[in-house]
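Beneath this line is the structure, given in structure tokens, with notes to follow.
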Amino acid sequence: MNNLAEPIDMKEVMEILDGDKELLIECFDELLNSMPQTLAEIQSAIEQGNASSLDEAAHKLKGSLKYMAAGTAADVAYQLKTMGKEENLSLADNIFSTLCEECEKVQDFMERYKVGI
Amino acid sequence: MNISDSNGHFPILVAEDDPVARKILEKTLIKEGHEVVSVENGRKAFDLFKQRFFPIILTDWMMPEMDGIELCRAVRNHQASGYVFIIILTSKDSKDDIVTGLNSGADDYVNKPFNPPELKARIKTCMRILELERSLKEANENIRILSITDPLTKSYNRGYITECLPKEINRAIRYERALSLMLCDIDHFKKVNDTYGHQAGDQVLIEVVHSIKDSIRQDLDWTARYGGEEFLIVLPETGPQGACILAERLRNSISKYKFIFQEKAIHITCSFGISGFDSVTSDENISSESLINTADKYLYQCKLEGRNRVKAGYMDKAQSLKFKDKLLISNDQ
């Protein structure tokens, strides 16, 4: 599962967690639990045109994804965060769709990893 | 105050809105033996900090409600009981951002995503600094105690009288409470030194202080070495009548006590001059000086009249607009 094409770079995440596999599973569980809620917050912020809420929610998700070395998904979350910060939500819908796709890949990867251990 | 546990670990307050980062922080720090309390924003962290002191705060920079920079400033502006070492976690790593973080009161910063070994090392640095602060405080406290303690008898010294007696008097006047002072002087102390030697004299001084300390209320009354063989005893919430009872009890027990030095029994007596008041309102005549002078005057009379006795005066307004002392008791042995 160290393939760089995977949504999570396992080598990088194990470096971040200092090789603690137990902590990795706990973090996967945490992200699996919190991700739907955070995505809902992002969606709601976009629908309401609330730039600061978008900034905050996307920032939080980007942080979690970075810790889990989910680089692509983190980059997309960062794009949304920047839109929120710059109060320019014109392309937010499209980016949010991409974020959902990337997060689904991350979610799927984490679930597969947990089954595989 | 020692806030670290027996292994030198300090409680850590974590403020982080990202649940994954919070989990990693908690787990990493708990594994190191720290007590960790984590919250999801700066506001909650500061509310908690106001209720409980945390010597280490690890805070994210960007958080809802109150961010890490605001938290740093709030903690620095808060009167805490000790130094708080603040580490800010940030994905911002430009020099300007780092300067902003440090200027807001953070002591150190760690870039996100942090690496656990690096975080542990930073926490160890912070523990060294907090331990240094603790040992400095302890040394200062020891110096403070030494500065107010008579080295021979371990009672308080003149410095303590100068510092604390005016406060006792002010408090008694402000709340219209009683206060008494006793000057206790060992009779013919020079003879003890001349007959048995200075070591014996020192031993007598030490044991007289023990007798005084055993007779007064702990945590309320206090005694200080006023001169060579003269001790001041301060009795808050005690009027001159009460002070006389205590002085008489002390006088009696000391006069019957055998001080043993190198198998020789030494008998001594003490004289007691007392001053005080039951309840007064503010007046310029009530001062440390006036109370001590009055006690000293009655002590001098004891000496003139043969020693081993108690004489007391009390501060009374009577006909005059100014307070004057009046003889309350004179027990002749």
Taking B:PHE277 and the conditions (1) within 30 Å of the chain's Cα centre (by Cα); (2) open to solvent by 10 Å² or more (accessible area, probe 1.4 Å); (3) in contact (Cβ under 8 Å) with a residue 60 or more places away in the chain, which numbered condition does it fall short on, given that it satisfies the others?
(2)
So how many residues does the range B:93-124 have that are open to solvent by 50 Å² or more (accessible area, probe 1.4 Å), part of a helix (DSSP H, G or I) and either within 14 Å of chain A (Cβ to nearest Cβ) or closer than 13 Å to B:ILE56 by Cα (or both)?
5
Looking only at the range A:14-27, filter to residues that are of a type in the set (A, V, I, L, M, F, W, C) and more than 9 Å from chain B (Cβ to nearest Cβ); which one of those is least open to solvent (accessible area, probe 1.4 Å)?
A:LEU24
Residues that are under 14 Å from B:TRP222 (Cβ atoms) and in a loop (DSSP other than H, G, I, E, B): does the range B:157-170 have at least one?
yes
Selection from the range B:51-61 of residues over 15 Å from B:ILE86 (Cα atoms) and of a type outside the set (S, T, N, Q) yields B:ARG52
Test set (1) in a helix (DSSP H, G or I); (2) more than 14 Å from chain A (Cβ to nearest Cβ); (3) open to solvent by less than 60 Å² (accessible area, probe 1.4 Å); (4) not basic (Lys, Arg) - B:ILE129 fails condition number:
(3)
Condition first: in a loop (DSSP other than H, G, I, E, B) and within 11 Å of another protein chain (Cβ to nearest Cβ). Now tell me which residues in the range B:46-63 satisfy that.
B:TRP61, B:MET62, B:MET63
Residues (assigned to a loop (DSSP other than H, G, I, E, B) and away from chain A (no Cβ under 13 Å)) located in the range B:71-92:
B:HIS78, B:GLN79, B:ALA80, B:SER81, B:GLY82, B:TYR83, B:VAL84
Matching residues in the range A:35-54 (within 19 Å of A:GLN107 (Cβ to Cβ) and either acidic (Asp, Glu) or surrounded by fewer than 18 Cβ atoms within 10 Å (Cβ to Cβ) (or both)) number 5
Scope the range B:254-279; condition farther than 19 Å from B:PHE231 by Cα and polar (S, T, N, Q); matching residues
B:GLN262, B:SER279
Restricting the search to the range A:55-98, which residues are open to solvent by 60 Å² or more (accessible area, probe 1.4 Å) and at positive phi?
A:GLU87
Pairs only if they're at least six apart or on different chains, beta carbon under 7 angstrom, first in the range A:74-97 and among the aliphatic types (A, V, I, L, M), second open to solvent by less than 60 Å² (accessible area, probe 1.4 Å) and not in a helix (DSSP H, G or I); list them, first residue then second.
A:MET83/A:LEU89; A:LEU89/A:GLY49
The range B:134-175, subset open to solvent by less than 30 Å² (accessible area, probe 1.4 Å) and among the hydrophobic types (A, V, I, L, M, F, W, C), residue farthest from the chain's Cα centre (by Cα)
B:ILE173
Given (1) over 17 Å from A:MET14 (Cα atoms); (2) surrounded by 21 or more Cβ atoms within 10 Å (Cβ to Cβ), identify the lone condition not met by A:GLU104.
(2)
Out of all the residues in the range A:42-91, which are more than 14 Å from chain B (Cβ to nearest Cβ) and either within 9 Å of the chain's Cα centre (by Cα) or not in a helix (DSSP H, G or I) (or both)?
A:GLY49, A:THR72, A:VAL76, A:GLU87, A:ASN88, A:LEU89, A:SER90, A:LEU91
Looking at the range B:24-45, can you tell me whether even one residue there is within 14 Å of chain A (Cβ to nearest Cβ), among the hydroxyl-bearing types (Ser, Thr, Tyr), in contact with a Phe, Trp or Tyr (Cβ under 9 Å, 6 or more places away or on another chain) and surrounded by fewer than 23 Cβ atoms within 10 Å (Cβ to Cβ)?
yes
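Please tell me if B:LEU291 is in contact (Cβ under 8 Å) with a residue 40 or more places away in the chain, out of contact with any strand residue (DSSP E or B) (no Cβ under 6 Å at 6 or more places or on another chain) and either open to solvent by less than 20 Å² (accessible area, probe 1.4 Å) or not assigned by TED's automatic domain parsing to the domain that holds B:ALA172 (or both).
On the way: in contact (Cβ under 8 Å) with a residue 40 or more places away in the chain: yes; out of contact with any strand residue (DSSP E or B) (no Cβ under 6 Å at 6 or more places or on another chain): no; either open to solvent by less than 20 Å² (accessible area, probe 1.4 Å) or not assigned by TED's automatic domain parsing to the domain that holds B:ALA172 (or both): yes.
The answer is no for B:LEU291.
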B:ASP60: passes all of (1) surrounded by fewer than 20 Cβ atoms within 10 Å (Cβ to Cβ); (2) modelled with pLDDT of 90 or more but (1)
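The values are calculated or read from the model by the stated rules, or taken from the named source; none is laboratory data. Please read these numbers as outputs of a predicted model, since none were measured by experiment. Note that each Cβ is placed from the backbone with ideal geometry, even for glycine, and that neighbours are counted across all protein chains shown. Heavy atoms of the whole protein, side chains included, go into the accessibility calculation; ligands, DNA and RNA do not. Shrake-Rupley method; radii C 1.70, N 1.55, O 1.52, S 1.80 Å.
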